[in-house]
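The next block holds one structure in the form of structure tokens; read it before the comments.
What follows draws every value from the coordinates through simple rules; no lab data is involved. All values derive from a computational prediction rather than experimental measurement. Neighbour counts run over all protein chains shown; Cβ positions are idealised from the backbone, glycine included.
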Amino acid sequence: MGAWIAVAIGGALGSVARHGLNHVIQGRWLDTRLPVGTMAANIVGCLLIGLLTGMIASRRIALPLHWREFIFVGVLGGFTTFSTFGLDTYTLARSHSSEAAAMNVAANMIGGLAAVWIGYAAGVRV
């Protein structure tokens, strides 16, 4: 039962953080049709999951299972937004903006994978 509560609390924290990031980036910093708030959340989430996984793999940190569930499933699961990414891409494509939809896919996929790689490499070296 404790794991479920940890995931729920972590998910709430991650969701609030994602909403805040999206509000600041999309609402205040940039005026664009591209969902850059979603991109930022995906890339930051990928960087963090790569960094933590690298640090765990290199034995730089040790996280008990309940902390891994809280952070990976809860916080990062609530923070990253691939379901929103899918909807954003679909919406861009449906609004006859296939170039923007393709750019959205490319930026999220390339940026996210690069962030995991960079985070993992940093985590192993820290």
Query raised in the report: Residues of the stretch 48-68 being exposed (fewer than 13 other Cβ atoms within 10 Å of the Cβ) and part of a helix (DSSP H, G or I), which ones?
Result: A57, L65
Query raised in the report: Which of (1) in contact with a helix residue (DSSP H, G or I) (Cβ under 6 Å, 6 or more places away or on another chain); (2) closer than 21 Å to V116 by Cβ does I56 not meet, given it meets every other one?
Result: (1)
Report task. May I ask you to list the residues in the stretch 88-113 that are over 19 Å from G37 (Cβ atoms) and under 17 Å from the mean Cα position of the chain (by Cα)? Result -> L113
Report task. Can you tell me which residue within the stretch 21-47, out of those that are of a type in the set (V, I, T) and part of a helix (DSSP H, G or I), is farthest from N108 (Cα to Cα)? Result -> V24
Query raised in the report: How do the pairs read when you match residues in the stretch 45-56 that are over 13 Å from R68 (Cβ atoms) and touching a residue at least 12 places away in the same chain (Cβ under 8 Å) with residues anywhere that are of a type in the set (D, E, K, R) and surrounded by fewer than 20 Cβ atoms within 10 Å (Cβ to Cβ), using Cβ under 9 Å and keeping only pairs 6 or more apart or on different chains?
Result: G54/R60; G54/R125
Query raised in the report: Name the pairs whose Cβ atoms lie under 6 Å apart, with the first residue in the stretch 21-38 and surrounded by 13 or more Cβ atoms within 10 Å (Cβ to Cβ), the second assigned to a helix (DSSP H, G or I) and acidic (D, E), and 6 or more positions between them or separate chains?
Result: P35/D88; T38/D88
Report summary line: Of the residues in the stretch 95-126, those that are in a helix (DSSP H, G or I), out of contact with any Ser or Thr (no Cβ under 7 Å at 6 or more places or on another chain) and surrounded by 15 or more Cβ atoms within 10 Å (Cβ to Cβ) come to A100, M103, A107, N108, G111, G112, A115, V116, I118, G119
Query raised in the report: Do we have any residue at all in the stretch 11-20 that's touching a Ser or Thr at 6+ places or on another chain (Cβ under 7 Å) and closer than 19 Å to N108 by Cα?
Result: yes
